[in-house]
1. Relative to the longest principal axis of the chain, what angle (0 to 90°, nearest 10) does the C-alpha long axis of helix 8-36 take?
2. Can you give the helix-only mean residue ellipticity at 222 nm for the chain, where every DSSP H stretch with n ≥ 4 adds -39500 (n - 2.57) and the sum goes over all residues, rounded to the nearest 500 deg cm²/dmol?
3. Given all pairs of different Cα atoms, what value in angstroms does the Kirkwood hydrodynamic radius of segment 83-163 take?
4. Taking amide H positions as placed 1.01 Å from N in the peptide plane, with prolines and chain starts having none, which residues 5 or more places from Lys178, or on another chain, fall under 5 Å of its amide H?
5. Might you work out the accessible area of Glu129 for me, using a 1.4 Å probe with all protein chains in place, and round it to the nearest 10 Å²?
6. So if each residue of separation counts as 0.36 nm, and I subtract the Cα-Cα distance between Leu185 and Met75, what length gain in nm does that give?
7. Pop out the ³J(HN,Hα) list for segment 163-179 in order, Karplus 6.51 cos²θ - 1.76 cosθ + 1.60 with θ = phi - 60°, rounded to Hz; leave Gly and Pro as x.
8. If you roll a 1.4 Å probe over the chain with all protein chains in place, what percent of the accessible area is carbon or sulfur?
Amino acid sequence: MSTLVLDREYFINVFRDMLPFVDKESEHLQQLDSAIGDGDHGINLTIGFREVAKQLDTINENAADISTIFKKVGMLLLGKVGGSSGPLYGSFFMKAGKDVTGKNEVTFDEFCGMLLNGIESIQLRGKAELGDKTMIDAFLPGAEVLKQDSPEDPVEKFTAFVEAMKEGAESTIPLIAKKGRAMRLGERAIGHKDPGAESAWMMMEVFLKRLKEAASA
Ligand code: ADP
Ligand code: MG
C-alpha cells in the first residue's frame, strides 16, 4: 500500500504531455508500422492526441471528476482515430475511468486498478491473446506487475510496470501475428516489433514521468 494520491491535475498534465510525446515518436512508430502494417500508427496517434490537446481545457472545465476526464479522452480517440488503435486506446481510457466516478483524486492503488480495467477492455474488444503480436503483449506483462500487492514505493512499482511492458514489446519481434494487419504477412512479420506494443509502453512512460514529479512533490 502506498500513500501517494493523484489529483485531477496530474491526469490533465499527463494528457497534455501526450501530444508532444506522439509528435516526438511519430516517425519511429510510422516506421514500425510501415514494416508490418500500413504505416499510419504514428499519424493515428497524432490525430487522436491533437484533438485531445485541443479540447483538454474544455474537458477539464466541464468534467465533474477524473472518471469523466478519462471517458471524454477515450471517446475522442475512439471517434477521431481510424485504424484499430483508436478504438482500442479509446476503450482503454474510457474503461480506465469507470470505477472512479465522483473522485477528483485517487490513490496510487486505485490508479493501478484503473489501468487494469483499461487493459481488460483492450482484451475484450480486440480478443488478442499473449503472443499474438499486438499491444496485448506489452500490456499483459505490465498487468502482472500492477496486480502484485507489493509494498514498494509507487515510482518503483510503476517503473517496473513500464519496464515489463517494454520487454513485452521486445518479445513481439520474433513472433508471427495472429491479430491485426500484420497477420497477412505470415512469417514475413518475424523480425519486426509490433508498433502498438511499442506505443503502449511509451504512452505509459508519459504517466511515469509525471508520477515521479507527483511523488517528489
Ligand atoms: P491499423 O492496424 O488499423 O492501421 P494502427 O496502425 O493505428 O491501426 O495500430 C496497429 C496496432 O494495433 C498493432 O500494432 C497492434 O498492436 C494493435 N492491434 C491491432 N489489432 C489488435 C487486436 N485485435 N488486439 C489488440 N491490439 C491490436
Ligand atoms: Mg496501421
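1. 0
2. Numbers: 8 runs with 148 residues, N = 217.
-23000 deg cm²/dmol, from helical runs alone.
3. Working: mean 1/r = 0.0753 Å⁻¹.
Mean inverse Cα-Cα distance, inverted, gives 13.3 Å.
4. Under 5 Å from the amide H of Lys178: Lys133.
5. So the heavy atoms of Glu129 present about 110 Å² to solvent.
6. On the way: separation 110, 0.36 × 110 = 39.60 nm, distance 3.12 nm.
Gain on stretching Leu185 to Met75: 36.5 nm.
7. Ordered by residue, 3J(HN,Hα) equals 4, 5, 5, 4, 5, x, 5, 4, 5, 7, 4, x, 8, 8, 7, 10, 9 Hz.
8. Numbers: 5080 of 9750 Å².
Carbon and sulfur atoms account for 52 percent of the accessible area of the chain.
The values are calculated or read from the model by the stated rules, or taken from the named source; none is laboratory data. Just so you know, these numbers come straight off a predicted model, no measurement behind them. Counting neighbours? That spans all protein chains shown, and the Cβs are built from the backbone with ideal geometry, glycine included. Areas reflect the complete protein model, heavy atoms only, side chains present, ligands, DNA and RNA absent. Shrake-Rupley method; radii C 1.70, N 1.55, O 1.52, S 1.80 Å.
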